[in-house]
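Just so it is clear, none of the values below were taken in a lab; they were calculated from the coordinates. Note that this is a predicted model, so its numbers are computed, not measured. Cβ atoms come from the backbone with ideal geometry, glycine included; neighbour counts cover every protein chain shown.
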Amino acid sequence: MKIYYDLHIHSALSPCGDEDMTPNNIVNMACLKGLGLIGVTDHNSAKNVRAVMEAAQGKIKVIPGIEVTTREEVHTLCYFPSVDAAEDMGELLRKHMQNIKNRPEIFGRQLVMNSEDRIIGEEENLLINAINLDIYEVQKETKKRGGFFVPAHVDRQSYSVTSNLGFLPPDLEVDALEITESGLLEYSLKYKEYEIITSSDAHYLENISEPQNFLKGDGKITKKILENLYKI
Ligand SMILES: [Zn+2]
Ligand SMILES: [Zn+2]
């Protein structure tokens, strides 16, 4: 059984996310593309996860997630076993967030929506800034909530563990690594002892993955996902 996934999708809550990235648009586009599993991973917040999950009911499976910017400005994908756990992490991040207001005219609006795509609020603090927690603390807080910790786009030249720390710390416990499509060949060899995930990092509807990456069920994270979501 092949379950095609895209575990790195931004909604309209991310300032850089297109305003068309509404809960229903994300779900419907993912269904049209033939995906079976998506992850909603806005920057430093889980405020649209619940709405996407509600919109997805009976259509597609959704993993609650957050793309956390650590103190070192490293993007890390944190996936949670429930929306409550993701929102709890969101509360923690809120407490450790710099008090810098978003400037929508520059960065874009940060829309909180309900499952009918109605705007129910706007996040005032700029969500793309670094949180005042280091990468080890983010890892620990994710694990504390039963989550998976996955450094994002490790092959990129910015906001990645390799670009900002210079290397992947061997003592950092990760469940998998995310490598972009273009870096897959080179970096999956470099990190062949790790489980690798490839997703779109879509900020626009058209960038949501084609059905090309699927869960194999032989790695730690994917095995857990299969067990939890599909009872396999
Ligand atoms: Zn990122
Ligand atoms: Zn992202």
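Please list, by residue number, everything in the stretch 88-105 whose backbone N is under 16 Å from a paramagnetic label point 7 Å out along Cα→Cβ of residue 119. Of the residues in the stretch 88-105, 102-105 have backbone N under 16 Å from the label point off residue 119.
In percent, what relative contact order does the chain have, based on Cα pairs under 8 Å that are 6 or more apart in sequence?
Numbers: 520 pairs, mean separation 56.3, N = 232.
Relative contact order, the chain: 24 percent.
Here the label points at residue 164 and residue 98, each 7 Å from Cα along the C-beta direction, are separated by 1.1 nm in the simple model. Length, then width, then depth: along the principal axes, the Cα atoms of the chain run 43, 38, 31 Å.
Each Cα pair under 8 Å and six or more residues apart adds its separation to the average, and for the stretch 1-115 the resulting relative contact order is 30 percent. Report summary: the helix-based calculation at 222 nm, which adds -39500 (n - 2.57) for every DSSP H run with n ≥ 4 and divides by the residues of the chain, gives -8000 deg cm²/dmol. Going by a ≥ b ≥ c, the root eigenvalues of the Cα gyration tensor, does the stretch 17-63 fall in the rounded group (a/c under 1.5), the prolate group (a/b larger than b/c) or the oblate group? It is prolate, given that a/c is not under 1.5 and a/b is the larger ratio.
Placing +1 at every Lys and Arg Cβ and -1 at every Asp and Glu Cβ, with all other atoms neutral, what dipole size does the stretch 54-129 have around its Cα centre, in debye to the nearest 20?
Numbers: 9 positive and 14 negative charges, 21 e Å.
So the magnitude is around 100 debye.
Residue 126: net charge of surrounding residues, Cβ under 9 Å, Lys/Arg +1, Asp/Glu -1, itself excluded? Once positives and negatives cancel, what remains is 0. For residue 16 and residue 224, the FRET efficiency from 1/(1 + (r/R0)^6), where r spans their Cβ atoms and R0 equals 25 Å, is about 0.25. Pairs exceeding a 29 Å alpha-carbon distance, out of 59/140; 190/220; 59/190; 61/101; 143/190; 33/144: 59/140; 59/190; 61/101; 33/144. Evaluated on the stretch 82-199, the Kirkwood hydrodynamic radius is 16.4 Å, with distances taken between all distinct Cα atoms.
Compute the distance from the alpha-carbon center of the stretch 7-22 to that of the stretch 68-89, in whole Å. Answer, in whole Å: 16. Between 95, 143, 59, the Gaussian network model of the chain with springs among Cα atoms under 10 angstrom shows the greatest mean-square fluctuation at 95.
Once you order the gyration tensor axes a ≥ b ≥ c over the Cα atoms, which shape class does the stretch 77-147 get: rounded for a/c under 1.5, otherwise prolate or oblate by comparing a/b with b/c? Because a/c hits 1.5 or more and a/b fails to exceed b/c, the stretch 77-147 counts as oblate.
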